[in-house]
1. May I ask you to say which residue of L139, L181, L150, L164 is in contact with a Gly (Cβ under 6 Å, 6 or more places away or on another chain), outside any loop (DSSP other than H, G, I, E, B) and of a type in the set (A, V, I, L, M)?
2. Pick from segment 151-196 the residues that are of a type in the set (S, T, Y) and surrounded by 19 or more Cβ atoms within 10 Å (Cβ to Cβ): which of them is modelled with the highest pLDDT?
3. Can you tell which of G39, G48, G35 is assigned to a loop (DSSP other than H, G, I, E, B), surrounded by 14 or more Cβ atoms within 10 Å (Cβ to Cβ), of a type in the set (G, A, S) and modelled with pLDDT under 95?
4. Which ones in segment 156-187 are without any contact (Cβ under 8 Å) to a residue 40 or more places away in the chain and hydrophobic (A, V, I, L, M, F, W, C)?
5. Under 9 Å by Cβ, and 6 or more places apart or on different chains, what pairs join a residue from segment 89-115 that is within 10 Å of T51 (Cβ to Cβ) with one that is crowded, with 18+ Cβ neighbours inside 10 Å and charged (D, E, K, R)?
6. What are the residues in segment 87-122 that are outside any helix (DSSP H, G or I) and charged (D, E, K, R), if any?
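The values are calculated or read from the model by the stated rules, or taken from the named source; none is laboratory data. Please read all numbers here as calculations on a predicted model, not as lab measurements. For neighbour counting, all protein chains shown are included, and Cβ atoms are generated from backbone atoms with ideal geometry for every residue, glycine included.
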Amino acid sequence: MTTVTKVTTPRRGFLRKAGAATLSAAGVAVLSQVGAPRGSLAQTMDAGGDTQLLNTALSLEYEGIGAYELAVGSTLLEPPYEDTARLFQSHHERHAEALADAVRTLGGTPVEPKSLDEYATVLNAAALRDQNDVIALALRLERGAAEGYLGLLPTFEDREFSLLAARLAADETMHWTALTLASGNDLPKDALTFGS
């Protein structure tokens, strides 16, 4: 008979992985509440945990939607890159829908997005001077999202949400890969690039 040992990873591991990948300051601030002590604001929002994690991910998807909206509105992107930005934004919108549905499934209330002006401030959009700056920002955010979702996989109490996080991580990795190639950079030579 095979014995399966359940390995639990602290929820703060999500913060450590996502923070290392350079999320925005707001994203890191939101993630800092993951695994917060009982009685904190984050824990009073959801004592169960999964709803809190899903809402944290939803906040970051909204940030991604805002980042691509700022990118498209900046007029810094050439048409092929603008089309890609719109496509990736539509992916993030679908991610947000899936995460909001999951929060509702648990009886929770999905968080609301911030204003575009707030995202512009958090992401320092005023510092974007050209297409390369926009792509560099998108690369950092997509990498951070992929790493964050990988960090979430072992933390959910309900494994169905781990599957959702895996699917989202795959999309974020696809975005990062496409942006890496579009920016003229080489793909990593070594395997197991993400989640380390």
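1. Exactly one of L139, L181, L150, L164 is in contact with a Gly (Cβ under 6 Å, 6 or more places away or on another chain), outside any loop (DSSP other than H, G, I, E, B) and of a type in the set (A, V, I, L, M), namely L150.
2. T173
3. Working: G39 fails: surrounded by 14 or more Cβ atoms within 10 Å (Cβ to Cβ); G48 fails: surrounded by 14 or more Cβ atoms within 10 Å (Cβ to Cβ).
G35 is the lone residue from the list that is assigned to a loop (DSSP other than H, G, I, E, B), surrounded by 14 or more Cβ atoms within 10 Å (Cβ to Cβ), of a type in the set (G, A, S) and modelled with pLDDT under 95.
4. The answer is L163, A166, A169, A170, M174, W176, L181, L187.
5. Within 9 Å, the pairs are A102/D50; V103/D50; L106/D46; L106/D50; G108/D46; G108/D50.
6. Listed by number, the residues that qualify are E112, K114.
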